[in-house]
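A.B. asks: Here it is, the structure, as structure tokens.
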Amino acid sequence: MTDPTALPSFPLPPDEHPLRGRVLDVLQDLGIAPAIDSDGDVAFTVGEPAQQLFARCQDGDFPVMRIFGQWQIGEPASPDPLARLQRCNDVNLEWQVVKVGIAADNLVVTADQVILPGTDLTALVQLSVTLVLQVVGAWYGSWEQGRHEAPGAGGSNG
């Protein structure tokens with residue numbers, strides 16, 4: 001009989017995605033009904049009002065999970081594209097782990113996490129979802145607070 005530890009280690013078939021499977025399990029355990037979209041991302045809805053989010057999972061030596069969503073920009077945000085980008089820059093400098101950008105007329109918010117062995121994936125998924133939604137609220141809320149001027153205008157540099 002051959003020693004099983006002496007057998008070659010074959011890479012996973014291209015249609016298997018261990019991290020994506022784990023994320024699907026976590027979402028189902030949290031009572032969320034995920035689906036896999038045409039891009040291979042995990043699509044799911046959270047919150048009230050319902051917010052559509054996605055998880056993109058990249059396997060490898062250092063697996064990466066990206067939780068992201070996009071929102072059509074409207075009031076109270078400025079219609080000025082430069083003011084919108086400046087506000088994204090302010091948010092990116094203020095928050096860690098989460099990135100904010102503009103694609104077409106949509107606000108795109110992402111949270112990227114490297115998933116190490118032993119990582120509490122349930123806690124990390126919940127944290128990432130919370131951060132994404134908080135940053136969306138912060139970006140929109142910054143316009144509602146009467147800060148329609150360009151970031152830094154009229155303020156101190158200190």
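The values are calculated or read from the model by the stated rules, or taken from the named source; none is laboratory data. Please read all numbers here as calculations on a predicted model, not as lab measurements. For neighbour counting, all protein chains shown are included, and Cβ atoms are generated from backbone atoms with ideal geometry for every residue, glycine included. Side chains included, ligands, DNA and RNA excluded: accessible areas come from the protein's heavy atoms. Shrake-Rupley method; radii C 1.70, N 1.55, O 1.52, S 1.80 Å.
A.B. asks: Could you please give the count of residues in segment 97-129 that are assigned to a strand (DSSP E or B), open to solvent by less than 50 Å² (accessible area, probe 1.4 Å) and in contact (Cβ under 8 Å) with a residue 24 or more places away in the chain?
C.D. replies: Residues meeting the conditions: 11.
A.B. asks: Can you find a residue in segment 54-62 that is over 16 Å from the mean Cα position of the chain (by Cα) and at positive phi?
C.D. replies: yes
A.B. asks: Would you check if V109 is touching a helix residue (DSSP H, G or I) at 6+ places or on another chain (Cβ under 9 Å) and at pLDDT 95 or above?
C.D. replies: It is true that V109 is touching a helix residue (DSSP H, G or I) at 6+ places or on another chain (Cβ under 9 Å) and at pLDDT 95 or above.
A.B. asks: Also, I was wondering about something else. Based on what the data block shows, is R56 modelled with pLDDT of 95 or more, among the basic types (K, R) and either farther than 24 Å from V135 by Cβ or open to solvent by 80 Å² or more (accessible area, probe 1.4 Å) (or both)?
C.D. replies: Criteria met by R56.
Table: residues versus (1) open to solvent by less than 90 Å² (accessible area, probe 1.4 Å); (2) closer than 11 Å to W139 by Cα; (3) at pLDDT below 95; (4) touching a helix residue (DSSP H, G or I) at 6+ places or on another chain (Cβ under 7 Å).
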| site | (1), (2), (3), (4) |
| --- | --- |
| Q51 | yes, no, no, yes |
| F62 | no, no, yes, no |
| A77 | yes, yes, yes, yes |
| D90 | yes, yes, yes, no |
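A.B. asks: Looking at Q70, Q28, which one is assigned to a helix (DSSP H, G or I), modelled with pLDDT of 95 or more, open to solvent by 70 Å² or more (accessible area, probe 1.4 Å) and not small (G, A, S)?
C.D. replies: Working: Q70 fails: assigned to a helix (DSSP H, G or I).
None of the others qualify; the one that does is Q28.
This table checks each residue for (1) in contact with an Asp or Glu (Cβ under 8 Å, 6 or more places away or on another chain); (2) under 17 Å from L121 (Cβ atoms).
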residue	(1), (2)
L27	no, yes
A35	no, no
S38	no, no
A43	yes, no
G60	no, yes
P76	yes, no
P79	no, no
N89	no, no
V98	no, no
